[in-house]
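Here the structure comes first, spelled out in structure tokens, and everything after it is commentary.
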Amino acid sequence: MLLFLGINAALPPHIQKHHLLFDAYRQKQPSAKNIKKYLGSVKGPTGEVLYHVMTHFYTVQAAVVLHGHSRILFFDKSWKQLAYCEVDVPEELPDKIKKSSLCFKYAGANNQQLEYQVLIGAALPKLLSTGSNCYTIHTK
């Protein structure tokens, strides 16, 4: 299964090519999932783009078991990948960017839907909290 969420023509050709090649490989595995979502850009105080942010969830077949991988990808303003953060489950991926903050959804008391926000500044943090866990941001 292949899904594109929020991907549009604004992505530069070298990013599109990389993802299309990866998708072509992934499509050979019929039970595999490959879901990418462009969240938007994090902007500085004067409105300049600091980072573009995408989420990526995919599965890999290993014998009879599917292994899932959930990542947050950070690109600079010219779409060069700067860093990534791998989280445990897709539910820990942010679902949007609001005022330069990554927004994570989680269930509170009585299963009410709550939102946790992490502000992203001019420098990427070394650690990222999703509200339930803390993860290292790996730089390229």
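The values are calculated or read from the model by the stated rules, or taken from the named source; none is laboratory data. Here the structure is a predicted model, which is why all the values come from computation and not from measurement. Methodologically, a virtual Cβ is constructed for each residue, glycine included, from the backbone with ideal geometry; neighbour enumeration extends over all protein chains shown.
Only one of these is surrounded by 14 or more Cβ atoms within 10 Å (Cβ to Cβ), in contact with a helix residue (DSSP H, G or I) (Cβ under 6 Å, 6 or more places away or on another chain), within 24 Å of Lys33 (Cα to Cα) and hydrophobic (A, V, I, L, M, F, W, C): Phe57, Phe74. Name it.
On inspection, the qualifying residue turns out to be Phe57.
Within the set of pairs 6 or more residues apart or between chains, which connect a residue that is under 12 Å from Asn133 (Cα atoms) inside the range 87-101 to a residue that is in a loop (DSSP other than H, G, I, E, B) and hydrophobic (A, V, I, L, M, F, W, C) with Cβ atoms less than 8 Å apart?
What qualifies is Val87/Leu93.
Just to be sure before I move on: is Leu124 in a strand (DSSP E or B), of a type in the set (A, V, I, L, M, F, W, C), surrounded by 12 or more Cβ atoms within 10 Å (Cβ to Cβ) and modelled with pLDDT of 90 or more in the structure I sent?
no
Report whether or not Ala63 is among the small types (Gly, Ala, Ser) and surrounded by 13 or more Cβ atoms within 10 Å (Cβ to Cβ).
Numbers: among the small types (Gly, Ala, Ser): yes; surrounded by 13 or more Cβ atoms within 10 Å (Cβ to Cβ): no.
Judged against the criteria, Ala63 is not a match.
Looking only at residues that are in contact with a strand residue (DSSP E or B) (Cβ under 6 Å, 6 or more places away or on another chain) and acidic (Asp, Glu) in the range 65-94, which one is modelled with the lowest pLDDT?
The residue in question is Asp76.
For residues that are hydroxyl-bearing (Ser, Thr, Tyr) and not in a strand (DSSP E or B), scanning just the range 38-79, find the one that is farthest from the chain's Cα centre (by Cα).
Quick first cut of the range 38-79, residues hydroxyl-bearing (Ser, Thr, Tyr) only: 38, 41, 46, 51, 55, 58-59, 70, 78.
Checking the rest, the ones that are also not in a strand (DSSP E or B) come to 46, 78.
Numbers: Thr46: 25, Ser78: 17 Å.
Among them, the one singled out is Thr46.
Filter the range 51-103 down to the residues that are small (Gly, Ala, Ser) and over 18 Å from Gln117 (Cα atoms) and list them by number.
Ala62, Ala63, Gly68, Ser70, Ser78, Ala83
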